[in-house]
Structure formats: structure tokens, C-alpha cells
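To start, the structure itself, in C-alpha cells.
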Amino acid sequence: MNDSLPDAAAQAAPIRLLIAAPRGFCAGVDRAIEIVERAINRYSAPVYVRHEIVHNRFVVDGLKAKGAVFIEELDQVPDGAPVVFSAHGVPKAVPQVATERGLDWLDATCPLVSKVHRQAERQVEAGRHILFIGHKGHPEVIGTMGQVPEGAITLVETVEDVAALNFTDATPLAFLTQTTLSVDDTAEIVAALRRRYPHMVGPKAEDICYATSNRQEAVKAIAGECELLLVIGAPNSSNSLRLVEVAERLGTRSRLIQRANEIDPSWLDGVTTLGLTAGASAPEVLVREVVQRISELRTVSEETVTTAEEKMVFKLPRQLAD
């Protein structure tokens, strides 16, 4: 007897869709997008934005349509034009140059990233060398390392990097972390650092942001029930990539997608329970777009699995607070 379903029957078979909550926009992303929108209303278009305000093409394109111009360096900003710094943060030299040029600038850096910046400054002022856990080349890492003098921070990406460090027990050390890392991977690296340098000091509270942690916990809550987990997010979005890794570490096949049109119907072959989440830079409209696409391929039974409630709100810069 052949237990496999014919193609038509397989397509008609209902699929259980578990949607993780929390998911999608966090308070820092909400704030950054609102800063750009308010700046356009206040100054009129064009408003320049240094780097992608958040790592999501749909969001960036939407802001472009309203009058935002995305650039990589300040020398691309005309004299007298307003400029916004992205949510990932920028090196200290960037606002200094903007001020020297007389540019009207607004800082959309996530307050939780700004908190890490202040911690870095305090540790260096205390005479400690910083071991910074993060991903080389990520804008947040570049911004944080740019808060202190060159050579004051050493980047640590893996447990293997810890073994290669050559600081002595007499070297005053502190560690900090990028806010969008894997909670589990970071814990392993911190543990390795503490074994190697017991005298090392760390932040009083976890640097990995609440939204990153919550989204990873939400994935853990549904991954075990799913044959496949879809993560809506950009390939350069650190927190979105970590959600894929969290699912795969639990043995669940996972795919990162930016839009619903990237879904290959063959991915759903043999899938009876599908998981869905979105990185912190992905708007809810993209979640609904994916649900609609799945509904076109299969009969969907939709469930939301909530592991935390988020009520965080961040204040706008004083220039826009009115």
C-alpha cells in the first residue's frame, strides 16, 4: 500500500500554522522609523539617512517613497541638508563631523545600543580593555568600537577566538556584547571568557536586547512542533539570522525569507505544522502577506503562540518630541 498522498490531496491537506509572538518590530525599530518620518514632515524631503535605517528592504523602500535618501557616508549629504543616523548606531566621529559641517542631524540609534556605547566609554575610562562579543563588519559593532580610542576594544566572535587571546591576568578587562546576538551562543562565549579571565568584569544587566531575547524564546516555544520554520527578515539582519540558527539548533528546518514570493511550494511537502516568525526589522504586513501565500497553497489552521508581552516604548529625540 502506498501511504503517500497524491499531489492534489497533499495540497488540500490542512497545515497547522504556529505564529510566534513576540515577533516583528521592536521599540527601537518603531522609534527609528518614526524619526525618519517625522524628520521628513519637519524638514521636507529629501532627508538623508546614513546607512539603512533598519535592515529591511520593504521598510527602506517605503521611506524612500516618502522622501528619504539613503547614503553610506556623510560626504554624500549636501551642505545644509538634514541627516538621520541609523538604529544600529554610528562611531563617535560621525556626529562630530556632522556638527562641524553645520548639518542638522538626528540620532535614531536604539537606546539599548546607546547604553552599550556608554558602558564602553565608562570601561575605558576605568582603565579596562574591552572584549566585545559581536560580528565583524556589522554596523552596530562598527558603531560601538568607534566610541572609544582605537585599540581599546578587541572583537571576539567565537569560543575559538577566546582561546587565541593573549592578555595576561594583570590586564584589566571588561566584556560587552552586540545587542542582537544568539543568547545561547553568547552565553557560551562569556563562559569561556570567564574561565580564561576570572577577573574580567561585565555589565550589570544583559546587553542582548529584550526584543532579541524574546523573539528567540518564542521560536524555541514553537520549533519543536514544526517540520519547517519560516523567518521573515533580511539576509543582513543579525537578529533575523539568529532566529534561523535557534530553530536549526533545535533540529527544525528553517528558512529566511524577505517576502512571500520567495516561498517555494515544495518546501511545504510533508509539512503538517509550519512555524512563522519575523525579525525585529520586519513589519507585520509582511507576516500577513506570508500567511496569505501559505493559504493559497494549503488550507491553514492559524494559531498564535505568545511567550511574552512587550510594552517598551522609547522617547523620540527632543528636536522631534513636539
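The values are calculated or read from the model by the stated rules, or taken from the named source; none is laboratory data. Small disclaimer: the values here were computed from a predicted structure and weren't measured. In this analysis, Cβ positions are derived from the backbone assuming ideal geometry, glycine residues included, and neighbour counts consider all displayed protein chains.
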Just wondering, is there one or more residues in the range 187-206 that are under 17 Å from the mean Cα position of the chain (by Cα) and within 22 Å of Gly137 (Cβ to Cβ)?
no
Working only within the range 126-140, note down all residues that are farther than 16 Å from Gly151 by Cβ and assigned to a strand (DSSP E or B).
Ile133
Here are the criteria: (1) more than 12 Å from the chain's Cα centre (by Cα); (2) outside any helix (DSSP H, G or I); (3) not acidic (Asp, Glu). Tell me which single one Ala218 does not satisfy.
(2)
For the range 288-322, give me each residue that is in a helix (DSSP H, G or I), touching a residue at least 24 places away in the same chain (Cβ under 8 Å) and over 30 Å from Ala13 (Cβ atoms).
Gln319, Leu320
Could you look through the range 69-102, keep only residues that are exposed (fewer than 10 other Cβ atoms within 10 Å of the Cβ) and of a type in the set (Gly, Ala, Ser), and pick out the one that is modelled with the highest pLDDT?
Gly102
Pro317 being surrounded by fewer than 22 Cβ atoms within 10 Å (Cβ to Cβ) and under 19 Å from Ala87 (Cα atoms):
yes
Are any residues in the range 173-193 closer than 28 Å to Ser237 by Cβ, touching a His at 6+ places or on another chain (Cβ under 8 Å) and in a strand (DSSP E or B), and if so, which ones?
Ala174
I'd like to check something: does the range 98-105 contain any residue that is within 19 Å of the chain's Cα centre (by Cα) and assigned to a loop (DSSP other than H, G, I, E, B)?
no
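One line per residue, one yes/no per condition, for (1) surrounded by fewer than 21 Cβ atoms within 10 Å (Cβ to Cβ); (2) touching a helix residue (DSSP H, G or I) at 6+ places or on another chain (Cβ under 7 Å):
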site: Glu217; (1), (2): yes, no
site: Ser238; (1), (2): no, no
site: Leu241; (1), (2): yes, no
site: Gly251; (1), (2): yes, no
site: Gln258; (1), (2): yes, yes
site: Ala278; (1), (2): no, yes
Members of the range 141-172 that are surrounded by 13 or more Cβ atoms within 10 Å (Cβ to Cβ), in a loop (DSSP other than H, G, I, E, B) and not acidic (Asp, Glu)
Gly146, Gln147, Val148, Ala152, Thr158, Leu165, Phe167, Thr171, Pro172
